[in-house]
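Chemist: Take this structure first; my questions come after.
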């Protein structure tokens, strides 16, 4: 059981990294990675939302939707749960950590449309994970996302001083740099320690 | 609203992926064969148009505070309908696109258009907006697929075209495509995430270059016209 | 204030209910077909690996010793078994059916489900000539099966060593599982 959990974690963080391997969560990854501190804050918020969303959606799926033969309502139910969850996280952050709240700004409500959050919940269903495996996958998937976004923020801070063609300003140079980092992450594929 | 203007905007000047730079997750992930690209593009076009129409039709009734939640519910509804229909009638596409079909729910393009356009425009305008933006999205997907497949495996039309027994289209994804050069000489890395990021980066860079150039030309033309007008006044 | 929240919740609830209702109708129209398609893949896989006219019966096996094996089905003809297993490939899990004859040699393999990369690992499951050639290598192999890079006789797919290795190991496991049945 422990070996299973460790292999899911390793997979989610390095081998099948949510951004560099599965492409889930690219929009905030490209939009929010200007500075390392904002990136870290965003990453932590996403870890929290992904873990909690995995837990709640697993319960809803296995105790309400499947027993009542309503599996086709999964997409609808999951996205509503995620939207509500992000709303609560927003209210919570506003009251307890207002500095982080103002730093994240518009990107906090955008976690709702983050492919990674809905993606991890759907993948939990597809892979038939039990409760603990789902939560582990959610949290470690979020950690993989955070690793990717923080790494990339440092890369971006450097590219600001590079000499690239004018027409590559903005997203294009980001995407090309991301391609190179993705190639580096390919080195982890097929790894099997556990 | 000028249809020609809308068409030009959807395809070029306000292209959802290349200019607005939203909805990129799916673009990079599934553009490995032409079958996937066209399938995904058409699915998004249908869902986008249907959602645009419904949101525009309901725009006077939707309370402002919960409008995003309602958009999400409507989009999730249409996505599930398309998902079920694809699973039942084109299972190959459903298997190839995998988790990215339900992920169309959080595709920023659809929510973005609902928020920015359909709330303030008529049903007819929203309908055409959906079609043109969807076409712009599909065109980007097709260009990416063709490029990645060609450089990665020397193939054109994987999954869609079958030349083994005479030319035909295979709507169940089994076509092998036209092999332009042998697969061993292709850069297989283009089929992996690296290829996705790189291709999209190059495309957006190209689009920005094209738009800047056309803007420069316009400014130069305006400048020249002004100078000519000034000269006339002087004389 | 409270009234407003109630009114907003009601509107949201009504729209959700209408959406759920429409989805229910679409689901009712399509679920039979979807169900049929999901099972058809399994039966086609069984037929491909072990041609048996009289059906299969499920057989017990040691799950703890073979965790990747999902089910073992004995052919009612008596000409062997079909072992379905799920194991991890390069991009996710692969579900495969492996036919094992009474002589403990593989009679064929068929990939039921996978999420491997198109053009690379996915060739193992495709109907193209490369895919057919790859799978044909497994017929007649025994439990010592290995990739040619490791001294065996299976040529891996171009650019898909991980997938080829996973499928080869799974075939070996399937044969060992049948051997353990005694």
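Chemist: Against the conditions (1) in contact (Cβ under 8 Å) with a residue 12 or more places away in the chain; (2) assigned to a helix (DSSP H, G or I), where does residue B:31 fall short? Just the number, please.
Modeler: (2)
Chemist: Being more than 13 Å from every other protein chain (Cβ to nearest Cβ) and closer than 14 Å to residue A:115 by Cα is the filter here; which residues of segment A:50-63 pass it?
Modeler: Hits for segment A:50-63 are A:50, A:54.
Chemist: Return the total of residues in segment B:157-189 being assigned to a loop (DSSP other than H, G, I, E, B) and either surrounded by 12 or more Cβ atoms within 10 Å (Cβ to Cβ) or touching a residue at least 40 places away in the same chain (Cβ under 8 Å) (or both). Please lay out each step first, then the result.
Modeler: So the first thing to find is which residues in segment B:157-189 are assigned to a loop (DSSP other than H, G, I, E, B), and the list is B:157-158, B:160, B:163, B:165, B:167, B:170-174, B:176-177, B:180-182, B:186-187.
Then keep just the ones that are either surrounded by 12 or more Cβ atoms within 10 Å (Cβ to Cβ) or touching a residue at least 40 places away in the same chain (Cβ under 8 Å) (or both); that gives B:157-158, B:160, B:163, B:170-174, B:176-177, B:180, B:186-187.
Number of matching residues: 14.
Chemist: Another one. For residue C:37, are the conditions met, namely being more than 30 Å from residue C:136 (Cβ to Cβ), without any contact (Cβ under 8 Å) to a residue 60 or more places away in the chain and within 12 Å of chain B (Cβ to nearest Cβ)?
Modeler: Taking the combined requirement at face value, the residue does not satisfy it.
Chemist: Kindly indicate whether residue B:122 is more than 10 Å from every other protein chain (Cβ to nearest Cβ) and surrounded by fewer than 17 Cβ atoms within 10 Å (Cβ to Cβ).
Modeler: Details: more than 10 Å from every other protein chain (Cβ to nearest Cβ): yes; surrounded by fewer than 17 Cβ atoms within 10 Å (Cβ to Cβ): yes.
In short, yes.
Chemist: I've got another one for you. Considering only segment C:1-36, state which residues are over 24 Å from residue B:76 (Cα atoms) and within 37 Å of the chain's Cα centre (by Cα). Before the answer, list the steps.
Modeler: Step one: list which residues in segment C:1-36 are over 24 Å from residue B:76 (Cα atoms), which gives C:1-4, C:36.
Of everything in segment C:1-36, just one residue is over 24 Å from residue B:76 (Cα atoms) and within 37 Å of the chain's Cα centre (by Cα), namely C:36.
Chemist: Please determine whether any residue of segment A:64-87 is more than 30 Å from residue B:84 (Cα to Cα), surrounded by fewer than 21 Cβ atoms within 10 Å (Cβ to Cβ) and more than 11 Å from every other protein chain (Cβ to nearest Cβ). Show your work before the answer.
Modeler: Taking segment A:64-87 first, the residues more than 30 Å from residue B:84 (Cα to Cα) are none.
No, segment A:64-87 contains no residue that is more than 30 Å from residue B:84 (Cα to Cα), surrounded by fewer than 21 Cβ atoms within 10 Å (Cβ to Cβ) and more than 11 Å from every other protein chain (Cβ to nearest Cβ).
Chemist: If residue A:31 meets every condition in (1) touching a residue at least 24 places away in the same chain (Cβ under 8 Å); (2) within 12 Å of another protein chain (Cβ to nearest Cβ); (3) more than 27 Å from residue B:195 (Cβ to Cβ) apart from one, which number is that one?
Modeler: (3)
Chemist: Right, something else. Between C:87, C:61, C:66, C:13, which is within 13 Å of another protein chain (Cβ to nearest Cβ), touching a helix residue (DSSP H, G or I) at 6+ places or on another chain (Cβ under 8 Å) and either surrounded by fewer than 19 Cβ atoms within 10 Å (Cβ to Cβ) or part of a strand (DSSP E or B) (or both)?
Modeler: Details: C:61 fails: within 13 Å of another protein chain (Cβ to nearest Cβ); C:66 fails: within 13 Å of another protein chain (Cβ to nearest Cβ); C:13 fails: touching a helix residue (DSSP H, G or I) at 6+ places or on another chain (Cβ under 8 Å).
Going through C:87, C:61, C:66, C:13 in turn, the sole match is C:87.
Chemist: So, in segment B:27-86, how many residues would count as being buried (at least 24 other Cβ atoms within 10 Å of the Cβ), away from chain A (no Cβ under 14 Å), more than 30 Å from residue B:177 (Cβ to Cβ) and within 19 Å of the chain's Cα centre (by Cα)?
Modeler: 1
Chemist: Next up: Do any helices (runs of 4 or more DSSP H) entirely within segment A:12-109 hold 3 or more residues that are over 20 Å from residue A:153 (Cα atoms) and touching a helix residue (DSSP H, G or I) at 6+ places or on another chain (Cβ under 9 Å), and if so, which? Working first, answer last.
Modeler: Values: elements: A:26-31, A:36-60, A:74-96, A:98-104.
Fully inside segment A:12-109 and qualifying: A:36-60, A:74-96.
Chemist: Sticking with this structure for a sec: Among C:24, C:78, which is the only one that is within 14 Å of chain B (Cβ to nearest Cβ), surrounded by fewer than 17 Cβ atoms within 10 Å (Cβ to Cβ) and farther than 17 Å from residue B:95 by Cβ? Let's see the steps before the verdict.
Modeler: Values: C:78 fails: within 14 Å of chain B (Cβ to nearest Cβ).
Step by step, each of C:24, C:78 is checked, and only C:24 is within 14 Å of chain B (Cβ to nearest Cβ), surrounded by fewer than 17 Cβ atoms within 10 Å (Cβ to Cβ) and farther than 17 Å from residue B:95 by Cβ.
Chemist: Can you list the helices (runs of 4 or more DSSP H) lying wholly within segment A:111-194 that have 1 or more residues being farther than 14 Å from residue A:53 by Cα and either more than 9 Å from chain B (Cβ to nearest Cβ) or in contact with a strand residue (DSSP E or B) (Cβ under 7 Å, 6 or more places away or on another chain) (or both)?
Modeler: Qualifying helices (runs of 4 or more DSSP H): A:131-159, A:171-185.
None of the figures in this text is laboratory data; all of them are computed from the coordinates on show. Treat the numbers as computed from the prediction; the structure is a model and nothing was measured. With ideal geometry, Cβ positions are generated from the backbone for all residues, glycine too; neighbour counts draw on all protein chains shown.
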